[in-house]
Structures are given as structure tokens and as C-alpha cells.
Amino acid sequence: MEKAPASGAPTWVRPDFEEFVAARSSRLLRTAYLLTHDRGLAEDLVQTALSKAWFAWGRVDNDPEPYVRRILVNTYASWWRRRWNGEEPTDALPDTGSSGHDESSAARHDLWDAMARLPKRQRAVVVLRYFEDLSEAQAAEVLGCSVGTVKSQTSRALAKLRIDPALEPTDRPTAGPTDRPAAPATPEGTTR
Amino acid sequence: MRLEDLRSTLDEHAGRIQDAPQARIAPVRRRVAAARRRRAAGVAGAAALAVVAAAAVALPHALDRSPVQPADAPSTLAGREVPRTQTAAGFDYRYTRGFQSRAGTSSLEVGVRVGDTPRLVMWASSDTSTRTVVRLRDRTSGDAPEISTASGFSRYAYLPAGGGSRTERLRLTQSTAGAGTRLAVAVYDIDAPMRAGQGNGTIVYRDRVLGDSLVRSVIGDPGQTDLRFRMKLTSLDLAWADTCYGSSRWYSLTVAGRPVLGTDCSPQPELDAGAHPATFDGSVFPAGVRVGDTVTVRLHLSPDSGHTRSLAQDPDAVLALGLYTHRAATHQVAGVPMPDAVEDSGHQWLAHEWLQSDPGRASLRAELSPSDRPRLVRWVAAGTSSSGDVVLLRVSPDGSDRGTIVEQNESAVGGISYGSSYVVQPGQSPVVTLEVTGGSTSGTRLGLVVSDLVH
């Protein structure tokens with residue numbers, strides 16, 4: 001087959017996208033899991049973010065991970081009620097992931113539960129600051145807000161965690177997961 | 001609570017996640033393809049979209065000419081008469097560009113520019129002496145090839161709009177080629193899309209979507225960020241096709257004072273605004289609303305993602321709503337109502353085979369008999385756990401039990417997962433296996449729906 005000379009027109013061939021998915025999306029999945037506390041939702045969130053990023057891949061800088069992470073976090077923060085043919089809306093809080101705790105302390109377990117009760121933006125700030133180890137400025141860039149907002153959201157999140165009933169001082173009886181009153185449904189939990 | 005505890009809690013939970021990122025490529029690709037289909041955006045009468053590259057093309061005059069000239073679309077290609085028009089998913093298309101290979105070649109590669117409107121391509125071979133197998137592969141998207149066992153212009157492939165202007169690199173190959181064999185590709189542009197229904201020149205609500213009819217459409221003016229109307233209900237069984245474009249803010253739909261939906265507005269319009277109307281499981285109307293009542297329907301642009309009454313201003317935002325009758329026939333598969341008729345990949349399909357597992361079974365296997373027509377396979381999994389179950393759709397085109405995973409979905413909240421569809425090409429008789437890993441429960445049900453191509 002003879003090949004015609006290249007036309008010079010732009011094409012959308014981007015083998016690096018799939019390489020990125022293969023090499024880097026596991027890290028994104030972990031971030032998504034920390035945000036959603038649900039393995040299925042996390043996978044959905046990662047796939048959503050990646051498919052959104054695909055459309056802008058040609059415009060992304062050399063390192064696309066911050067860009068995809070920004071999409072992921074902001075998609076998570078803005079999820080309300082998804083529309084998709086056949087998808088069942090739910091009024092129930094998502095599952096909280098595997099129950100296969102082994103040796104981890106009750107305190108960590110309770111801290112994980114307490115995080116699930118944080119508002120989405122605050123949970124996102126906590127994950128970006130204390131899992132991704134982003135600076136306040138970097139977290140602000142991901143979230144599309146000011147550094148001051150990151151500071152205030154972080155402060156509020158930590159304050160909420162400190163007063164969460166699940167994290168009461170250890171000199172008082174600690175309520176177990178089964179005898180603790182059910183967590184109130186957060187707005188984001190009930191409307192997704 | 002110490003920050004060290006917080007960090008270690010996050011690390012501990014993140015470390016529990018096991019992942020197979022390679023398996024994520026296929027579902028992401030399918031989501032991209034679905035998004036591109038949904039973004040079938042455009043403006044009527046947009047400038048002609050040029051086909052800009054071709055290999056082994058015997059029609060050099062067809063290249064890089066805009067607007068399209070009649071000579072760019074010869075009536076015969078590869079010795080075959082080219083259909084002048086085609087319909088796809090409710091819209092008319094017109095043949096505008098033709099390509100053919102030199103004699104004696106077994107492949108033809110073309111680049112087809114796609115912009116704000118979808119395009120179609122049809123393909124053919126001059127070879128009628130033997131049973132011809134022609135494969136058309138979209139090398140840009142990496143989708144599975146389209147295969148035709150008839151040598152004429154018998155099938156079309158749909159190139160969805162969206163994602164900016166791009167060039168799809170299509171490669172047509174034939175299994176065997178004689179000395180005089182030519183291959184050909186014909187390209188089609190959408191023609192007068194506003195004729196398909198009610199529109200504003202940018203989006204259109206088709207008069208009919210599969211078996212459902214348009215009851216009412218309301219399209220706001222640019223910058224009208226609060227769109228309200230009152231309607232008398234002749235039925236509660238309606239499908240809703242809300243749209244917002246020209247903004248990246250949030251918009252909400254409220255019916256009779258009840259919040260129904262909040263989601264992102266899209267910067268780009270979708271031409272086919274009524275392609276995917278939603279029923280919201282019949283939960284749109286507040287309790288007490290009856291047929292004959294008059295209700296207020298409101299769409300409005302919000303400044304943020306919360307369901308708020310406050311309005312955002314955006315001079316380019318356009319809100320619109322189409323209401324359709326909802327009479328879609330369904331079959332219960334694995335306890336889930338699955339519509340019989342669907343539109344997918346620019347084609348219409350009708351279900352003819354429904355398979356489901358016994359409760360508690362973690363896999364469902366189906367051997368599809370050979371057919372000269374494409375078939376669509378959809379799947380559903382119900383009663384799975386969202387805390388570890390993974391649903392896999394495995395397809396083996398050659399009929400063996402070792403197939404390729406074409407779909408991997410984590411189980412959804414609510415216990416019901418749906419997959420994107422898979423097209424079985426003509427001549428294939430694959431084994432399709434749906435399975436749940438991670439342990440099934442006594443309530444797990446799996447279902448497969450096989451549909452024939454209607455158009």
C-alpha cells in the first residue's frame with residue numbers, strides 16, 4: 001500500500017494516555033478510595049476522571065497526574081446525583097469498604113469512620129494534605145480555591161475529627177461500631 | 001487525635017486497595033466512546049468537514065477541498081454504487097466524500113476529520129468472487145474493528161462528534177485481495193439535523209426516540225438562567241431529557257417544588273439533546289401528584305453544586321428540557337427491567353435473547369451462534385456487594401473458554417451494576433461469560449441481553 005504524504009493536520013493519536021492509565025491510575029484509585037470510602041465508587045470516580053481527562057490530553061503538560069487528580073477531586077466534590085440510563089439512585093450511605101480489619105487499633109478504625117462523616121470538601125483537603133502530602137498552595141490549586149480556604153477547611157476538618165463521638169478520650173468507654181448510633185446522613189451521602 | 005494517627009489511618013486504608021490498572025484501560029476507553037457519542041454536538045449547516053488524508057487514494061481531487069464539491073463523491077467506488085443518503089439514530093446523512101485504493105491492494109487507510117457533528121463511514125470491496133471479510137478499524141480510538149462479510153456498502157460506522165476537531169484514522173483491510181481488488185470508503189455528513197424534531201439551530205429534540213414520542217420541548221434563550229413553565233399532566237410516565245450548555249456551572253431540575261436532579265452544565269452543546277431521556281425510576285413527582293394536575297417545572301443555573309434556589313448569571317448558558325412518552329417495553333433480567341430497544345453506537349438494536357443465572361451463581365456463560373448480522377450484548381449484575389465484588393465480562397470471539405476481558409466494573413452501590421455494551425461482529429460466534437469475583441451472595445443474579453441490529 002502506498003502512503004500519501006502527511007497532510008499536516010493534527011491527529012489524536014495518544015499512546016501515552018493508555019500508558020498513563022496502566023502506570024499511574026492505581027495511585028489515583030487509592031486517593032479516590034480515601035475520598036469515597038467505597039471501592040466501587042472509587043473505581044467509578046477514577047474512570048470518570050480519566051475519561052474526562054482524555055478529551056484534554058493533547059493540552060495537558062508533561063506530567064498529567066496533577067491534572068487528572070484535580071479532575072478527580074473536583075468530580076468527587078461536585079457529585080450529587082448521577083444520571084445514567086439504568087443507574088439506580090440510592091438514599092443509603094455507601095458501604096464503608098472492606099471490614100477485614102486485622103490488628104489495626106480501634107482508634108484508627110474510629111478515625112476512618114469519623115472521616116466518613118466529614119463534608120466532602122473537608123475530606124478532600126484532609127486527603128490532599130495528609131495522604132498526598134501536598135502543601136496548602138498545591139491543595140488550593142487542585143481544589144481551585146484560595147490558600148486561605150484550604151487553611152480554614154483543614155482547620156475545620158481537624159476540629160470535627162477531634163470532637164467526633166467515635167474519637168472520645170480513651171478513659172471513657174468507646175462506643176463500638178455496632179452500638180454507636182447510626183451516623184447522620186450527610187447531604188452528599190443522601191443525594192448522590 | 002494526632003496527625004500521625006491521621007496519616008497512618010490514610011496510609012493503612014490506601015494500602016489495602018489491590019488494583020489491576022491494565023484492566024482499567026478498556027472501560028475507560030468505552031466511557032470515552034460513550035461520552036463522544038453523547039457529545040454529538042453541532043450547528044446545523046456547519047462548514048463542510050474535510051477529509052484530510054488518505055493513502056493509496058485514487059481520488060486525489062477529494063483531498064483538502066472545502067467546501068465539498070460533487071466530484072468528491074463519485075457515484076461508484078470500487079465498482080460499487082455508493083448509497084447517496086443514510087440514516088443513523090434518527091438523523092439523515094448525505095454522502096460527501098469517497099476514497100478508493102489502487103487495484104490489487106488489500107488495505108486502505110484514510111483520515112476522517114470529525115468536528116462538531118457526527119459523521120458516518122461506509123465501506124466496500126470490489127471483490128465478489130469469494131466470501132469477503134472486510135475489517136474497518138478505528139486506529140485512533142482503538143476500538144475493536146467493524147467486520148463485514150458482505151462486500152458492498154452494507155454497513156456504516158458512526159464517528160461521534162465531540163472532543164474538539166480530530167482526525168479519525170481508519171484502516172480498511174481485506175483478508176485476501178486479487179490483482180484487481182479495490183477497497184473503498186464513503187464518508188457521510190449530517191444533513192439538516194433540525195428536521196429531526198424541535199430545535200434552536202444548535203440542539204434538537206427528536207420527534208421520536210426509539211418508540212417514544214416528544215410530548216413537549218422548552219429551550220431557553222442564551223443567558224436565561226431560570227427557565228420555568230407550567231404543564232398539565234396527561235401521564236406520570238414520562239422520560240425527561242434536560243440539557244444545559246454554554247456554561248461550566250451547575251444546574252438543577254425541580255418538578256412541583258421537588259428537587260429531581262443537579263448536575264454539571266456542559267460547555268459544549270449536544271446536538272441530539274433527547275438521546276438519553278431518564279425516567280428517574282418514576283420518582284420525579286411528589287406524592288399526591290395525579291394525572292390532570294398542573295405542575296411547575298423549573299430548570300435553573302446555580303452558582304455552586306448545592307441544591308440552592310439562588311441563581312447564577314451566565315450570558316452564554318442555555319437551558320432546555322424535552323419530555324417524552326415512556327412506553328419502552330422491558331424484560332426482567334436478573335430482576336432488573338432492561339429495555340428491549342436501545343440506541344448504541346449510532347445504531348438501533350432490538351433484544352431477542354435474555355439469559356440469566358440462578359440466584360447465587362457467580363458466573364453466566366453463553367455461546368452465541370454465528371450470524372451475518374452484528375449483535376449487541378448488554379449485561380446486568382444484581383445483588384452484588386459494593387465492598388469488593390468485581391464484575392467481569394469476558395468475550396472469546398473464537399469460541400474458546402479463554403476470552404479477553406472487555407469490561408470490568410466494580411459493583412455499584414445499591415447492588416446493581418450495568419456494563420457498557422459489546423458488539424459481536426458478523427461471522428463471529430463467541431463465548432460470552434459474565435462473572436463476579438470476590439464472592440457472590442445468595443442474592444446475586446447475573447443477566448445477559450443479546451440484541452439484533454435493526455438499523
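Please count how many residues of region A:30-67 are closer than 17 Å to B:Glu12 by Cβ, in contact with a Pro (Cβ under 8 Å, 6 or more places away or on another chain) and assigned to a helix (DSSP H, G or I). Let's see the steps before the verdict.
Kept after step one, since they are closer than 17 Å to B:Glu12 by Cβ, are these residues of region A:30-67: A:30-39, A:42.
Remaining after also requiring in contact with a Pro (Cβ under 8 Å, 6 or more places away or on another chain): A:36-38.
Right, trim to assigned to a helix (DSSP H, G or I) and you get A:36.
So the count comes out to 1.
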On the basis of being facing another protein chain (nearest Cβ under 7 Å) and modelled with pLDDT under 85, does A:Gly8 make the cut?
no
Just checking, how many residues over region B:239-269 are in contact (Cβ under 8 Å) with a residue 60 or more places away in the chain, outside any strand (DSSP E or B) and away from chain A (no Cβ under 13 Å)?
3
Among (1) within 23 Å of the chain's Cα centre (by Cα); (2) surrounded by 20 or more Cβ atoms within 10 Å (Cβ to Cβ), there is one condition B:Leu299 misses while meeting the rest; what is its number?
(1)
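Among residues belonging to region B:30-55 that are modelled with pLDDT of 50 or more and buried (at least 22 other Cβ atoms within 10 Å of the Cβ), point out the one that is farthest from the other protein chains (Cβ to nearest Cβ). Show your work before the answer.
Pass one, region B:30-55, residues modelled with pLDDT of 50 or more: B:30-37.
Restricting the remaining residues to those that are buried (at least 22 other Cβ atoms within 10 Å of the Cβ) gives B:32, B:36-37.
Numbers: B:Val32: 5, B:Arg36: 8, B:Arg37: 12 Å.
Ranking the qualifying residues of region B:30-55, first place goes to B:Arg37.
Yes or no: B:Arg258 crowded, with 18+ Cβ neighbours inside 10 Å and basic (Lys, Arg)? Please lay out each step first, then the result.
Numbers: crowded, with 18+ Cβ neighbours inside 10 Å: no; basic (Lys, Arg): yes.
So B:Arg258 does not fit the description; no.
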What number goes with the only condition from (1) at pLDDT 85 or above; (2) over 23 Å from B:Asp207 (Cβ atoms); (3) assigned to a loop (DSSP other than H, G, I, E, B) that B:Leu236 does not pass?
(2)
Tell me, which residue of region A:59-81 that is at pLDDT below 70 and touching a Gly at 6+ places or on another chain (Cβ under 7 Å) is farthest from the other protein chains (Cβ to nearest Cβ)?
A:Arg81
Taking region B:88-114 and keeping only residues that are under 16 Å from B:Pro160 (Cα atoms), at pLDDT 90 or above and within 11 Å of chain A (Cβ to nearest Cβ), one is left with none
Just give me the residues in region A:11-48 being modelled with pLDDT under 80, closer than 24 Å to B:Ala161 by Cβ and within 7 Å of another protein chain (Cβ to nearest Cβ), in sequence order.
A:Thr11, A:Trp12, A:Val13
Those strands (runs of 3 or more DSSP E) lying entirely in region B:74-124 with at least 2 residues over 26 Å from the mean Cα position of the chain (by Cα)
B:91-100, B:107-114
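The values are calculated or read from the model by the stated rules, or taken from the named source; none is laboratory data. Because the structure is predicted, anything quoted here is derived from the model rather than measured. Every residue, glycine among them, receives a Cβ derived from its backbone with ideal geometry; neighbour counts consider all protein chains shown.
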